[in-house]
Amino acid sequence: TCHNSGNNKTRYSCGHKKDDEYVENKFLNPTVVEDIRDYFKYETLPNEKIKIVPTAKDSTKAQYMINLLHLNDNTLLFARYKALEDFEINAEDMLEKFEDIEIDDIKNMLTDDLAFISFLRYEYGL
């Protein structure tokens, strides 16, 4: 159900093809576009949510991707905030356990296998 509430079986996200909504020349394929991060930035909202917004790089394509892939679905908005919160808590715990380790060292330990790595890279300027 892709994190839908109740009996709603509509597939809004989770990588499902968007059928008639797909326009190839607007699609930013992350396996082809090497600077994909330059098209998006994150904006923290006052209600413990973080949304993706387009940058000036090509805001039309970025907004198309945000809409097509439902990147600001309510579940994702909160999940980004939670990922940041969890990262900061874990970073503080690591700093307490390893007094001589710096926050920059923790950031450098991050790998692409972590969920929301693009967001964390954006937030911490990695």
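Only the coordinates and a few stated rules stand behind these numbers; no lab work does. Bear in mind the structure is a predicted one, so any value in this text is a computation, not a measurement. Please note: Cβ atoms are built from the backbone with ideal geometry, for glycine as well, and neighbour counts cover all protein chains shown.
Working from label points 7 Å from Cα in the Cα-to-Cβ sense, the ASN29 to GLN63 distance is 2.5 nm. Electrostatic bookkeeping for ALA62 treats Lys and Arg as +1 and Asp and Glu as -1; over the other residues with beta carbon under 14 Å from its beta carbon, the sum is +2. Other residues whose C-beta falls under 13 angstrom from the C-beta of LYS49 contribute a net charge of -1, scoring Lys and Arg +1 and Asp and Glu -1.
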